[in-house]
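Report on the following structure.
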Amino acid sequence: MKITDIKIRKLLDSGKLRGVVSITLDDVFAVHDIKVIQGENRLFVAMPSRRDEKGTFRDVVHPINSEVRTEFETQILSTYKKELENQNAEREKNNPSI
């Protein structure tokens, strides 16, 4: 199963939540509300989750093994960083420093 599309739905400049992402797998299955989170030491990806009856958040969907999780995170964060660079370049283009 391969990621065939990544869409950055939202970019945020402050706080721990830095972005919201949707991915498409094998051009046939979409996963929405993947979060890009700023941790203490690095950015990481959090899969869509919901709160259970005990108040604990549980992933709704997630990779089963660490290799796939790492591959997903690498691809998602790479696309996130490119989109952030594009957004920053667009800001500079529209608001050049004098």
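Structure data summary
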quantity	calculated
Residue in segment 55-62 that is loosely packed, with under 10 Cβ neighbours inside 10 Å, not aliphatic (A, V, I, L, M) and not in a helix (DSSP H, G or I) present	yes
Matching entry among Phe44, Phe72 (being in contact (Cβ under 8 Å) with a residue 24 or more places away in the chain, within 18 Å of Ile8 (Cα to Cα), assigned to a strand (DSSP E or B) and not basic (Lys, Arg))	Phe44
Options Glu67, Glu71, Glu83; residue that is under 19 Å from Met1 (Cβ atoms), among the charged types (D, E, K, R) and within 15 Å of the chain's Cα centre (by Cα)	Glu71
Failed item in (1) surrounded by 10 or more Cβ atoms within 10 Å (Cβ to Cβ); (2) modelled with pLDDT of 95 or more; (3) out of contact with any Asp or Glu (no Cβ under 7 Å at 6 or more places or on another chain); (4) of a type in the set (A, V, I, L, M, F, W, C), with Val28 passing the rest	(1)
Residue within segment 79-88 that is acidic (Asp, Glu), surrounded by 10 or more Cβ atoms within 10 Å (Cβ to Cβ) and closer than 16 Å to Leu43 by Cβ present	yes
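The values are calculated or read from the model by the stated rules, or taken from the named source; none is laboratory data. What you see is a predicted model; the values in this text were computed from it and never measured. FYI the Cβ positions are ideal-geometry reconstructions off the backbone, even for glycines, and counts take in every protein chain you see.
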